[in-house]
1. Mind listing the phi-derived Karplus ³J(HN,Hα) values for segment 66-82, rounded to whole Hz, using 6.51, -1.76 and 1.60 with θ = phi - 60°, and x for any glycine or proline?
2. Modelling each spin label as a point 7 Å along the Cα-to-Cβ direction, I'd like the Ala34/Phe51 distance in nm, to one decimal.
3. Once the Cβ-Cβ distance between Glu81 and Ser44 is put in as r, and R0 is 25 Å, what FRET efficiency do you end up with, to the nearest 0.05?
4. From the Cα gyration tensor of segment 71-117, with a ≥ b ≥ c the square roots of its eigenvalues, which class applies: rounded if a/c is under 1.5, or else prolate if a/b is larger than b/c, or else oblate?
5. Tell me, Val107, Val98, Val42 in order of fewest to most beta-carbon neighbours within 10 Å?
Amino acid sequence: MTSPSKNLQFLVLILFAILFLGHCSPLTTNSNDAPSPLLKQVCSHTKTLDFCIASLNSDAKVDTKGLSHISLEISLSSAKENNAFISAMLKTTKDPGVKRGLKHCTVNYGGSLYALQ
């Protein structure tokens, strides 16, 4: 199981890969929703090619702008969920060291949420 911060890092990496590619080809090439060369190229920069393609191959006609939008929406949703989970943990933990770490996480996720919105 990957950590919440790794998932967010993955999605941000995908977003930057999309923005720097500059291609405008559709992400899929046929009615079977096979990934296009663009999507394969973007996802090839990740450690989890299949997960990337499955996550971002939601619209057969999306271009790089649409792919960027999908990535941002997934990143924002993931960051909100992770921040809520960390906030819940912060309320229940008694360990001072864990509380400090969780507070640090909430600050970082707060910054990520601000940047993504």
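1. Once rounded to whole Hz, the list reads x, 5, 4, 5, 4, 4, 5, 5, 5, 4, 5, 4, 5, 5, 5, 5, 5.
2. Placing both labels 7 Å beyond Cα along the Cβ direction yields 2.6 nm.
3. Numbers: r = 27 Å, r/R0 = 1.07.
After rounding, the FRET efficiency stands at 0.40.
4. Working: a/c = 4.01, a/b = 2.23, b/c = 1.79.
Prolate is the answer for segment 71-117, as a/c is 1.5 or above and a/b outweighs b/c.
5. Working: Val107 10, Val98 13, Val42 27.
Exposure proxy ranking, most exposed first: Val107, Val98, Val42.
Each value in this text was obtained by applying a stated rule to the coordinates, not by laboratory testing. It should be emphasised that the depicted structure is a prediction, and the values quoted were computed from it without experimental measurement. Quick reminder, even Gly has a Cβ in these numbers, built from the backbone with ideal geometry, and neighbours come from all protein chains shown.
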